[in-house]
Amino acid sequence: MFAWAMSSLGSFGPGDSPSPVRRRSLVEVMATGPPDSQARFGQSVKGLLTEKVNTCGTDVIALTKQVLKGSRSSELLGQAARNMVLQEDAILHSEDSLRKMAIITTHLQYQQEAIQKNVEQSSDLQDQLNHLLK
């Protein structure tokens, strides 16, 4: 369980030069050392473990925030797509209404022309009638 902590502490041995004497690991030295050094070693490992746990906790929190952010982004994208479909339907409905209004406008123009012709003819008929009555 503490293998990663032990590997990060390295080896403990005499000097930097190569020697035929087998180097003992820090764990071996601490296990055979005085009780005071064993306690310090335990505190050191405990400190490293606490630091690693805190780092992992921070990483998990950051990852969770990123996942939630991505989830929210997809929710917003879905909502935008739904809104776009609704807007598209409204635009199509508006186009249809404009086409119908254009047809109605054309019919009203024809009716206006017909009414103007009838008014002109009625004034002509009125003139003819007045002329006949005199």
Working out 0.36 nm times the residue gap between Ile61 and Gln38, then minus their Cα-Cα distance, what length gain in nm do you get to one decimal? 4.8 nm
Step through the residues of segment 82-99 one at a time and calculate ³J(HN,Hα) from phi using the Karplus curve (6.51 cos²θ - 1.76 cosθ + 1.60, θ = phi - 60°), rounding each to whole Hz and writing x for Gly and Pro. 4, 4, 5, 4, 4, 5, 4, 4, 5, 5, 4, 5, 5, 4, 4, 4, 5, 4
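Rounded to the nearest 0.05, what FRET efficiency is calculated for Asn118 and Glu88 with R0 set to 41 Å and r the Cβ-Cβ distance?
On the way: r = 45 Å, r/R0 = 1.11.
Once the sixth-power term is evaluated, E becomes 0.35.
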Simple spin-label model, 7 Å along Cα-to-Cβ: Gln79 to Tyr110 in nm? 5.0 nm
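Bear in mind these aren't lab numbers, they're just calculated from the coordinates by the rules spelled out. Bear in mind the structure is a predicted one, so any value in this text is a computation, not a measurement. Methodologically, a virtual Cβ is constructed for each residue, glycine included, from the backbone with ideal geometry; neighbour enumeration extends over all protein chains shown.
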